[in-house]
Amino acid sequence: MRPAILNSMAFFKPTYLVDGDLTDLSLQQLRKDGIKGIIFDLDSTLIAPRTARLSVEVATWLSLAREEFKLAVVSNNKNDVYMQQVQSVLNMPVLGRAAKPATKVFLQVLADFELPPQEVVVVGDRPLTDIWGGQRAGMKTALVMPLKTQIESKLVIIARKLERCFIRS
């Protein structure tokens with residue numbers, strides 16, 4: 001029998017565990033699974049932190065996603081000027097100050113989408129904020145690696161590997 005702490009790790013297990021960044025998430029699979037809306041984390045998931053710039057690969061993926069899914073961003077970022085800048089770049093609703101894993105902003109987006117939680121997936125790079133928050137709101141979740149174009153410190157890379165070890169156990 002596993003200790004209770006390991007059993008509680010199920011809260012951090014995503015519906016979809018992607019061994020790559022956002023662009024490796026299959027839109028076809030999401031469609032097949034009945035997904036109609038996608039809520040993204042911002043930094044490291046859609047754009048490199050503090051850049052407000054999309055890579056060509058992510059822009060292409062988003063263009064395809066926009067054709068058949070409702071899209072929005074939920075971020076813990078508190079810089080309102082930056083959030084407005086990002087919203088104009090992404091051309092979709094961008095909500096900051098979310099305090100993930102809190103569910104308030106996720107539920108607000110669900111209401112805006114006019115979709116039930118089981119038809120929406122939260123896509124992010126962090127189990128403790130994005131995945132747990134999406135699951136607490138009743139949505140499906142997809143854990144992606146940070147963008148391929150992003151350079152991270154060795155400490156952050158080690159922390160991400162440890163998070164994934166717990167998720168796979």
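The values are calculated or read from the model by the stated rules, or taken from the named source; none is laboratory data. If you're wondering where the values come from, they're calculated on a predicted model, not measured in any experiment. All Cβ positions, even for glycine, are placed from backbone atoms using ideal geometry, and neighbour counts span all protein chains on display. These area figures cover heavy atoms from the full protein model, side chains too; ligands, DNA and RNA do not enter into them. Shrake-Rupley method; radii C 1.70, N 1.55, O 1.52, S 1.80 Å.
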| request: Return the only residue of Ala142, Ala111, Ala98 being out of contact with any His (no Cβ under 6 Å at 6 or more places or on another chain), in a loop (DSSP other than H, G, I, E, B) and modelled with pLDDT of 95 or more. | output: Ala98
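Residues are listed down the side, and each one gets a yes or a no for (1) within 17 Å of Thr141 (Cβ to Cβ); (2) loosely packed, with under 14 Cβ neighbours inside 10 Å:
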position	(1), (2)
Arg50	no, yes
Arg53	no, yes
Leu95	no, no
Leu110	yes, no
| field | Yes/no for Gln118 being in contact (Cβ under 8 Å) with a residue 60 or more places away in the chain, open to solvent by 50 Å² or more (accessible area, probe 1.4 Å) and not in a strand (DSSP E or B) | value | yes
| note | Within region 13-45, of all residues that are without any contact (Cβ under 8 Å) to a residue 24 or more places away in the chain and touching a Phe, Trp or Tyr at 6+ places or on another chain (Cβ under 9 Å), the one farthest from Ala65 (Cα to Cα) is Gln29
